[in-house]
1. Taking A148 as the residue in question, decide whether it is surrounded by 14 or more Cβ atoms within 10 Å (Cβ to Cβ), at negative phi, at pLDDT 85 or above and out of contact with any helix residue (DSSP H, G or I) (no Cβ under 7 Å at 6 or more places or on another chain).
2. Of everything in the range 111-158, what is of a type in the set (S, T, N, Q) and more than 26 Å from A63 (Cβ to Cβ)? Give them in sequence order.
3. Using beta carbons and a limit of 8 Å, which pairs, at least six apart or on different chains, have the first residue in the range 115-130 and closer than 27 Å to N94 by Cα and the second one of a type in the set (K, R) and surrounded by 11 or more Cβ atoms within 10 Å (Cβ to Cβ)?
4. Every residue in the range 104-141 that is under 14 Å from I34 (Cβ atoms) and in contact with a strand residue (DSSP E or B) (Cβ under 8 Å, 6 or more places away or on another chain), please.
5. Out of (1) over 13 Å from H49 (Cβ atoms); (2) in a strand (DSSP E or B), the odd one out for R137 is which?
Amino acid sequence: MRKSLLLPLFLLLATLLATPGCAQKGPPVVYMQIFFEGPNWLAGREVLHYTPAFKGKTGELVAEGADTRELSPMRFLQGPTQASYSSTVTTTTNFITDSSGKARLKSEEDLRKENQVEKDNVDKSLQLLEKRNRLAREALTKALNEAATDGWEVVQMTTSGTSGGLVYLLRKR
């Protein structure tokens with residue numbers, strides 16, 4: 001009977017004297033968010049926003065050329081720079097005025113040249129859009145690499161706002 005009383009007492013003493021090994025206190029976890037506007041950011045505005053500020057900055061501007069600034073969504077929101085309204089109906093004809101001022105029927109060569117000019121303009125616009133997208137991606141990559149070098153790790157990513165907009169949640173221990 002004595003042995004049966006000593007066993008629970010021994011177990012109680014063992015649990016009271018044991019030191020906890022799992023509960024270790026370390027520096028508190030700090031979180032930061034990086035908001036990425038995506039490829040459709042407005043020219044002259046930040047493509048990245050940091051909350052809280054990262055290395056003293058709250059956002060990143062992207063240096064754009066005049067060519068890519070023209071493709072900013074803000075330009076399309078403003079509408080045409082010069083608007084003219086007419087109540088007459090315009091019809092499209094296949095006539096062209098040559099250098100001497102005479103009207104003549106468009107030849108197949110004229111139509112081919114017009115189509116080529118239109119195709120070249122579309123191709124140029126697509127190349128400029130891709131350049132603008134690349135500038136945005138490079139800014140995001142640079143920011144994430146800089147944060148990783150500083151000890152931040154991405155723990156979550158989600159979409160936000162406009163098409164292509166992302167939010168990165170980072171943590172630093």
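The values are calculated or read from the model by the stated rules, or taken from the named source; none is laboratory data. What you are looking at is a predicted structure, and each value in this text was computed from that prediction instead of being measured. Every residue, glycine among them, receives a Cβ derived from its backbone with ideal geometry; neighbour counts consider all protein chains shown.
1. So A148 does not fit the description; no.
2. N115, Q116, Q156, T158, listed by residue number.
3. none
4. A136, A139, L140
5. Among (1) over 13 Å from H49 (Cβ atoms); (2) in a strand (DSSP E or B), the lone unmet condition for R137 is (2).
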